[in-house]
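First comes the structure, then the notes that go with it.
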């Protein structure tokens, strides 16, 4: 099964152009959608999750027209929104049962089984009788995962899922996703490069509503080999370097600044060639991180 | 400027700017303007009606007070938003993390909201200021010399404090419960508190002082001023000087500040529910993963999207809704119900007499709360529609593969379930009320028919409406406002706009009534049709709501329209078309009934018709006409078919000295009049069937002293049903036909003229007094409707019913499975008589030669014995006091009607069914009101023929009560009489202006039914009952014939003067000719004994007398009156006062004086005018305990 997104455009009433002709093809497996905040990721995710209407374009999941056969899509959909709440005065078990019915698991025994498996899976079984209002952020996030996983979705959309999770939880959650990715289309939208690097077989980079790159992470990294140079500098050297070279990222390391520069040949003394990682790919596409950008500006 | 002041100011400024920038605020304001303009418009209409100016200070203040209550709804939206915005937008942590003090945070938010509302509601006084300029034909004389002080006081004493109090309370509650719903509950509390104090505490319980103090909106204080001020004061006096109002304002400002202080004390930053719960339960308590163990695989479970699954899902949504409804705010209903159970007994009565709490009575009391349930339905519908979005859960929920219809219907089911439960609770409340009164005949069928039938049906349809409105509007507060407008303002607003037809006003119907006698007849059918009609409209709206249902994040209108268009499937289109067809079909059927089968007229058209009648035919008013001397009727009633026909023959005679060549006949528009013929040639010179006016030219003319016969037929056969005021003359059981509403009348009917002064002005008619002046000699001789006739009636009715008409039953027979009754009067009767038919139970009695009968609904037998006793005693006593009772029968007849009034004429007294429910035994004051009322009605049979001029109330109602007092005294004793008089005097406790007309011009209820009888009783105690009776007897004898001149109060006054000894003539004038108030006070009583069982009692008393004119000018007059002085012995157990040791008239002058009396027993109390014979400003300081 394959998700095909063609020329999807969305402009909000206040004039913000969230998506400008986005086209993507997403095969089965984990797919990373990487982009800075405000790039249009959530809009695209919501459109895929049938929660929002694009102005133009079409989307197909296999044979199903996502924009016009919403109910069909929803039957195979799992969606974990970037931010969500739950009814505070209901227990996790009750609410999950409720969602199970809504997702078509109407047989009592099957529902019980499903709910129990999910609650165990997300490690909420012991607190299933507790009101959701008493859940911590991480617990609530896991509850959302359980809801999304109900009914073994063929299309899983996860919007910035790891933002509120602690490192251990994050690892567990990503494992869960990759397991699901064996048989389903899983789209993971994030601004955290590692999430994609660790999990996704394919990815796209989006910024300001436009897809800038659609690739496989490994290949992209491969293509960067021999172009990324690193140097440790003091902060006041940055403007000069930014003026001369294409700085793609700066990072602080024990009080010193580490710059990565994209260049065909050695940019000069003090620069070492480094193994590129996905972050280098990302920043070279999105146009460097804010610090570097500022440095670029002041340099000009 | 300190940092904290700066942050205060910034917060206030931000709040102010934020609220003023919000579109919603202005939308609210725009909606608020509708009732405001309506109110102002009404103010102008009222001003057209008479003496009160459009911009009288008290009028401005009263309108403003009520408008601020409506404004509380907007305050709820604004203050609720200010209090809970951060919670709602999950900005709490952010706000609370900034270095703002609690005081600045709360204070800034509150002040901002308050200032916004203070600004917006300045529109209230401004509307009255601007309105006249918008109205081109606003007559200048309707407005007074408007002073800016009146507007300022309205704003600063009424609007601003009310806004402050409402904003503070609503803000406080919403902050503390952390939910905007708290603000709405607060608004309900403020409005409910105002209604409770102003209506129940003040009007029902008579606790005016307390109510004035406690009323949150100041409405009671203003009402008190409006009622007690003289007409002069009302137009000019400012409200600001009234201490009661100022105290009330002070109390509520203090309470508002206290609420704010409490909120400040209880409010904690970051005290969100989440963190609180976390603190209680400990943070993430889940165990660490067992990393080694493989997580359990997810089972592959079957999924189902069949129709059966849809049903299960609907049930799931329904159950989820119940979690919101049942655990939520619905419980607020319970304290309301408890309050209801406690207050219901007070409302279940009349004149302080409790009613037997039959189920339909109790349901009558519950009708208010049934309506209030709708407020809750609106609020709950809002919570349901916003349930997932308020929890920020819509992204999770809306991606579930559930059709929108499942959600809508599931929520609707939840709302319906709660609605049904609320009706169940009301039924429980009703049963509890009945049990608390020892009544166990619960009549479940009546509960079922009314509460779970008509009213539940309406509520369910309304639930669908409220839900649909919330879905379509998609803004919670605006949804609330619009839905509540439908509940409360729809009728009024539509009427203001001139839209009256019930097909055009949502939820309107022609009205219904339940009677144990006639059931729902004839209202049920029409009401059900309307119910169906509105249900169809609501369904249509629900379909629209389904199309516009917001799923996900498509909230922009453009997107919603696009989605809605896409949602229109063939099936939806089909259902919509079917619904629309149903609306057209049902609406068409109703329209056919109301406008084709019946003539529909708007109220303006009705008034215009009456104006037109007057314009066209008024000039015939003085034309000499023959008088009716005898009438015989053959009435055929068909109760089951709701049909009737009457064939009548009337004898007309010319009592003038000129021949009468032209006869004017007014026909009724409630029946079809036909076959109107005379027994001589009569040419129709004019026939106006629309207005019901015909003119016949007789040939030959009717010579003086000669008479002729007019025969006619009227047919009553209602076709379908009318748009409003469905008449119930003939029903399955309990037909009641006041014949004068059907019969043709001779001459122009001045009773058809418009009487309301404002309406007359609007229709361009000349001014006309409500009642003719006492000095209007022509009116005093007006014989219209005063003909005394001999009456013969034959009534045929259903075989199982008894028909009743005036006079004795001469014979009865059966024919064609129908029963016939022939009645004939043995003495002439007036024209105001009625025909009845029902399955009556008949109780008989006798008083001398007079047969006594009570015809009543078989189950309504509680008071029958009492009624017969009263009729017997009254007849016997009145014959001694006032002359012979002319008829050979005295009869009381019950008929179905929601009221409890009685009417007495032509030997018959007919009473509305509520009178049967007067539970005299349950009256804790030990007053037998039903007995007294029957005595009153019997007395009406003895009253003289009265001219239709001012003071007629004195000759009818005052006479009837005066006469009845004698029967009460004779049959039930002096103590009972005193208790009864005490009840009558309660009317003096009601707020009332002292400005007034003398009793000789008595016309209103208070003068005729209370002040008059009390004056007559005082007179009886001063000059003796035989003398007062003599005066009445002479008056009655002189005015019995039905020939002019008719009796006026001046005739009575002459007779009373004749029987009053010279020294008491001035008192007589004080009682009847002048509007006099005494101020009698006992300052001190001392008693000492000289040892020989003689006691000397010294009373220090003060006295003054004031005469107040119609305009309220008070004039103290020198006093030298005979006043009763009483000395009383020690009171026995259960007595208020002991036996009188001394009770005599003493001469009392103006000012302080000492009176010494010797008694032979130990005195306990003494005082001046102890029996309150005279109208005292302050009656409770007349009697004091003796000091020794």
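General remarks:
- Lone unmet requirement of (1) within 14 Å of chain A (Cβ to nearest Cβ); (2) surrounded by 15 or more Cβ atoms within 10 Å (Cβ to Cβ) for residue B:576: (1)
- Matching residues in region B:835-845 - criterion: being surrounded by 16 or more Cβ atoms within 10 Å (Cβ to Cβ) and touching a helix residue (DSSP H, G or I) at 6+ places or on another chain (Cβ under 9 Å): B:835, B:841, B:843, B:845
Okay, residues lined up against (1) modelled with pLDDT of 90 or more; (2) surrounded by fewer than 19 Cβ atoms within 10 Å (Cβ to Cβ); (3) more than 10 Å from every other protein chain (Cβ to nearest Cβ):
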| residue | (1), (2), (3) |
| --- | --- |
| A:2 | no, yes, yes |
| A:13 | no, yes, no |
| A:44 | yes, no, yes |
| A:103 | yes, no, no |
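- Within region A:88-113, tally of residues that are closer than 24 Å to residue A:70 by Cβ and part of a loop (DSSP other than H, G, I, E, B): 4
- Of all residues in region A:124-137 being touching a residue at least 24 places away in the same chain (Cβ under 8 Å), facing chain B (nearest Cβ under 9 Å) and assigned to a loop (DSSP other than H, G, I, E, B), the one that is surrounded by the fewest Cβ atoms within 10 Å (Cβ to Cβ): A:130
- As a summary of the residue check, residue B:1151 satisfies the conditions (1) under 37 Å from the mean Cα position of the chain (by Cα); (2) exposed (fewer than 15 other Cβ atoms within 10 Å of the Cβ) except for the one numbered (1).
- The test for being modelled with pLDDT under 90, surrounded by fewer than 18 Cβ atoms within 10 Å (Cβ to Cβ) and on the phi < 0 side of the Ramachandran plot holds for residue A:168.
- Condition check for residue A:61: surrounded by fewer than 22 Cβ atoms within 10 Å (Cβ to Cβ), within 14 Å of chain B (Cβ to nearest Cβ) and either within 21 Å of residue A:148 (Cα to Cα) or out of contact with any strand residue (DSSP E or B) (no Cβ under 9 Å at 6 or more places or on another chain) (or both): no
- Any hit, region B:500-518, residues being assigned to a helix (DSSP H, G or I), in contact with a helix residue (DSSP H, G or I) (Cβ under 8 Å, 6 or more places away or on another chain) and away from every other protein chain (no Cβ under 14 Å): no
- Pairs where the first residue, in region A:65-77, is within 8 Å of another protein chain (Cβ to nearest Cβ) and the second is assigned to a helix (DSSP H, G or I), C-beta under 8 Å, 6+ apart: A:68/B:566
- Here the strands (runs of 3 or more DSSP E) wholly within region B:585-696 that include at least 3 residues being over 28 Å from residue B:798 (Cβ atoms) and in contact (Cβ under 8 Å) with a residue 60 or more places away in the chain are B:627-638, B:660-666.
- Residue match in region B:402-410 (condition: outside any helix (DSSP H, G or I), buried (at least 22 other Cβ atoms within 10 Å of the Cβ), within 14 Å of another protein chain (Cβ to nearest Cβ) and touching a helix residue (DSSP H, G or I) at 6+ places or on another chain (Cβ under 7 Å)): yes
- Qualifying residue in region B:385-395 (condition: more than 13 Å from chain A (Cβ to nearest Cβ) and either at pLDDT 90 or above or under 30 Å from residue B:554 (Cα atoms) (or both)): yes
- Members of region B:340-359 found to be modelled with pLDDT under 90, assigned to a helix (DSSP H, G or I) and touching a helix residue (DSSP H, G or I) at 6+ places or on another chain (Cβ under 8 Å), listed by number: B:340, B:341, B:343, B:344, B:345, B:346, B:347
- Single unsatisfied condition, residue A:38 versus (1) within 14 Å of chain B (Cβ to nearest Cβ); (2) surrounded by fewer than 20 Cβ atoms within 10 Å (Cβ to Cβ): (1)
- Criterion violated by residue A:116 - all others in (1) free of Cβ contacts under 8 Å to residues at least 60 places away in the same chain; (2) surrounded by 19 or more Cβ atoms within 10 Å (Cβ to Cβ) satisfied: (2)
- Sole residue being within 38 Å of the chain's Cα centre (by Cα) and either more than 30 Å from residue B:856 (Cβ to Cβ) or surrounded by fewer than 19 Cβ atoms within 10 Å (Cβ to Cβ) (or both), chosen from B:561, B:544, B:550: B:544
- Here the condition is being modelled with pLDDT under 90, within 11 Å of another protein chain (Cβ to nearest Cβ) and either part of a helix (DSSP H, G or I) or touching a helix residue (DSSP H, G or I) at 6+ places or on another chain (Cβ under 8 Å) (or both); of B:317, B:301, B:334, it holds for B:301 alone.
- Any hit, region A:94-101, residues being crowded, with 24+ Cβ neighbours inside 10 Å, under 24 Å from the mean Cα position of the chain (by Cα) and more than 8 Å from every other protein chain (Cβ to nearest Cβ): no
- Verdict on residue B:1106 being in contact (Cβ under 8 Å) with a residue 24 or more places away in the chain, surrounded by 18 or more Cβ atoms within 10 Å (Cβ to Cβ) and either on the phi > 0 side of the Ramachandran plot or in contact with a strand residue (DSSP E or B) (Cβ under 7 Å, 6 or more places away or on another chain) (or both): no
- Tally, over region B:846-875, of residues that are in contact with a helix residue (DSSP H, G or I) (Cβ under 7 Å, 6 or more places away or on another chain), part of a strand (DSSP E or B) and under 16 Å from residue B:804 (Cβ atoms): 3
- Residues in region A:138-165 that are at pLDDT below 90, in a helix (DSSP H, G or I) and more than 9 Å from chain B (Cβ to nearest Cβ) were compared, and the one that is surrounded by the fewest Cβ atoms within 10 Å (Cβ to Cβ) is A:140.
- Boolean, residue A:245 is touching a helix residue (DSSP H, G or I) at 6+ places or on another chain (Cβ under 7 Å) and either within 30 Å of residue A:55 (Cβ to Cβ) or more than 14 Å from chain B (Cβ to nearest Cβ) (or both): no
The values are calculated or read from the model by the stated rules, or taken from the named source; none is laboratory data. What you are looking at is a predicted structure, and each value in this text was computed from that prediction instead of being measured. We place every Cβ from the backbone using ideal geometry, glycine too, and count neighbours over all the protein chains shown.
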